[in-house]
């Protein structure tokens, strides 16, 4: 079931003993450029009981669906500039908050968050809303999660827009293709970009971890009210287990369970013949190179004029949200590959 609940806030424990938090509603009052009413879906994953996933649902209910997926450390607020452009074009924009992020439930135990569960939660969300003919838009961890969902439910998706995202595989074939290396080298060694390792370690060791730590450095300077909005879901460190854990889920070796999921996702994408577009920015070394990997390996990407968004870093929705939205809308209206 979906509903406009649960409102309020507080702590809870479901029947399986999963301890979780809900950010107080007043933390989301009067957020600039984010006038959207809250909606909630009940989602499930193996090993934990039902949790509530928050989502924005804007535009005509019978219109074509655009599913907008965020990553770490953001939430659906990231898409506040994208959503109005899409709805003005007669589209239905749905932007969920991953479990542990935004207004969604936040398990307090870091080990409750796994790569597989994030995919299962999103798959459950798509099933719960019974979405079909979906245009999937993914950025950052939205890619591993959303493309993993596509691999599980390919019949529900019509097309994909990938922006500043990757799929975690640790595949040795990635050698020399990525700015931030993350791949196996033979049977016993791996090659890792130092900045990637620094990022993973910082998220585990920093005394305080908030989205503004990353947004300001990558997309800043940003107005104080925007910084406050990104940080709103986390009134104190007890709410940040999912935020902190997500970076530790990045596979750094081919033996990592997440790398196994990633390789299965890429195998599914190698059979994906429906439209696939990359719209990466020109200022994001963390994901640079993956646009070419997708273009080379996904059949649905062949023959398309892929887009580069100029003058933006990793959080392209924050810096060039309206431009990204126009790209998405134009793509939906283009039924065949460009030549």
Determine, yes or no, whether residue 241 is at pLDDT 95 or above, in contact with a strand residue (DSSP E or B) (Cβ under 7 Å, 6 or more places away or on another chain) and either under 25 Å from residue 77 (Cα atoms) or surrounded by 18 or more Cβ atoms within 10 Å (Cβ to Cβ) (or both). yes
Scanning the stretch 315-326 for residues that are more than 14 Å from residue 215 (Cα to Cα) and touching a helix residue (DSSP H, G or I) at 6+ places or on another chain (Cβ under 7 Å), the one surrounded by the fewest Cβ atoms within 10 Å (Cβ to Cβ) turns out to be 322
**Message:** Considering only the stretch 224-238, I want to know if a residue exists there that is touching a residue at least 40 places away in the same chain (Cβ under 8 Å), in contact with a strand residue (DSSP E or B) (Cβ under 7 Å, 6 or more places away or on another chain) and at negative phi.
**Reply:** yes
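Show me the helices (runs of 4 or more DSSP H) entirely contained within the stretch 195-257 in which 2 or more residues are over 18 Å from residue 106 (Cβ atoms). Spell out how you get there, then give the answer.
Numbers: elements: 212-219, 224-231, 241-248.
Correct list: 212-219, 224-231.
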| query | Scanning for something closer than 17 Å to residue 65 by Cβ and touching a helix residue (DSSP H, G or I) at 6+ places or on another chain (Cβ under 8 Å), does the stretch 99-121 turn up at least one residue? | reply | no
Counting only residues that are farther than 22 Å from residue 181 by Cβ, surrounded by 13 or more Cβ atoms within 10 Å (Cβ to Cβ) and touching a helix residue (DSSP H, G or I) at 6+ places or on another chain (Cβ under 7 Å), the stretch 265-314 contains a total of 12
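Of 258, 186, 262, 220, which residue is modelled with pLDDT under 95, farther than 30 Å from residue 32 by Cβ and out of contact with any strand residue (DSSP E or B) (no Cβ under 9 Å at 6 or more places or on another chain)? Talk me through it step by step, then tell me what you get.
On the way: 258 fails: modelled with pLDDT under 95; 262 fails: modelled with pLDDT under 95; 220 fails: farther than 30 Å from residue 32 by Cβ.
Among 258, 186, 262, 220, only 186 is modelled with pLDDT under 95, farther than 30 Å from residue 32 by Cβ and out of contact with any strand residue (DSSP E or B) (no Cβ under 9 Å at 6 or more places or on another chain).
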Picked from the stretch 172-183 (must be in a loop (DSSP other than H, G, I, E, B) and in contact with a strand residue (DSSP E or B) (Cβ under 6 Å, 6 or more places away or on another chain)), the residue surrounded by the most Cβ atoms within 10 Å (Cβ to Cβ) is 181
Exercise for review: Kindly indicate whether residue 74 is in contact with a strand residue (DSSP E or B) (Cβ under 9 Å, 6 or more places away or on another chain), farther than 30 Å from residue 19 by Cβ, touching a residue at least 60 places away in the same chain (Cβ under 8 Å) and surrounded by 21 or more Cβ atoms within 10 Å (Cβ to Cβ).
Suggested key: no
Residue count, the stretch 280-306, condition assigned to a helix (DSSP H, G or I) and either closer than 23 Å to residue 83 by Cα or touching a residue at least 12 places away in the same chain (Cβ under 8 Å) (or both), comes to 10
Can you find a residue in the stretch 307-314 that is in contact (Cβ under 8 Å) with a residue 60 or more places away in the chain, in contact with a strand residue (DSSP E or B) (Cβ under 8 Å, 6 or more places away or on another chain) and assigned to a helix (DSSP H, G or I)? no
Residue hits (the stretch 85-111; farther than 24 Å from residue 21 by Cα, in contact (Cβ under 8 Å) with a residue 60 or more places away in the chain and surrounded by fewer than 24 Cβ atoms within 10 Å (Cβ to Cβ)) are 85, 89, 91
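When you go through 124, 163, 217, 212 one by one, which is the residue that is surrounded by fewer than 16 Cβ atoms within 10 Å (Cβ to Cβ) and either touching a residue at least 24 places away in the same chain (Cβ under 8 Å) or on the phi < 0 side of the Ramachandran plot (or both)? Steps first, answer last, please.
Values: 124 fails: surrounded by fewer than 16 Cβ atoms within 10 Å (Cβ to Cβ); 163 fails: surrounded by fewer than 16 Cβ atoms within 10 Å (Cβ to Cβ); 212 fails: surrounded by fewer than 16 Cβ atoms within 10 Å (Cβ to Cβ).
Going through 124, 163, 217, 212 in turn, just one is surrounded by fewer than 16 Cβ atoms within 10 Å (Cβ to Cβ) and either touching a residue at least 24 places away in the same chain (Cβ under 8 Å) or on the phi < 0 side of the Ramachandran plot (or both): 217.
Just need a number here: residues in the stretch 139-158 that are part of a strand (DSSP E or B), over 10 Å from the mean Cα position of the chain (by Cα) and surrounded by 22 or more Cβ atoms within 10 Å (Cβ to Cβ). Before you say what the answer is, go through the steps one by one.
Going through the stretch 139-158, the residues part of a strand (DSSP E or B) turn out to be 139-140, 157-158.
Add one more test, that the residue is over 10 Å from the mean Cα position of the chain (by Cα), and what stays is 157-158.
From the residues that got through so far, the ones that are surrounded by 22 or more Cβ atoms within 10 Å (Cβ to Cβ) too are 157.
Going through the stretch 139-158 one residue at a time, the tally reaches 1.
The values are calculated or read from the model by the stated rules, or taken from the named source; none is laboratory data. Predicted model only: the values in this text are computed from it and were never measured. Positions of Cβ are backbone-derived with ideal geometry, glycine not excepted, and every protein chain shown enters the neighbour counts.
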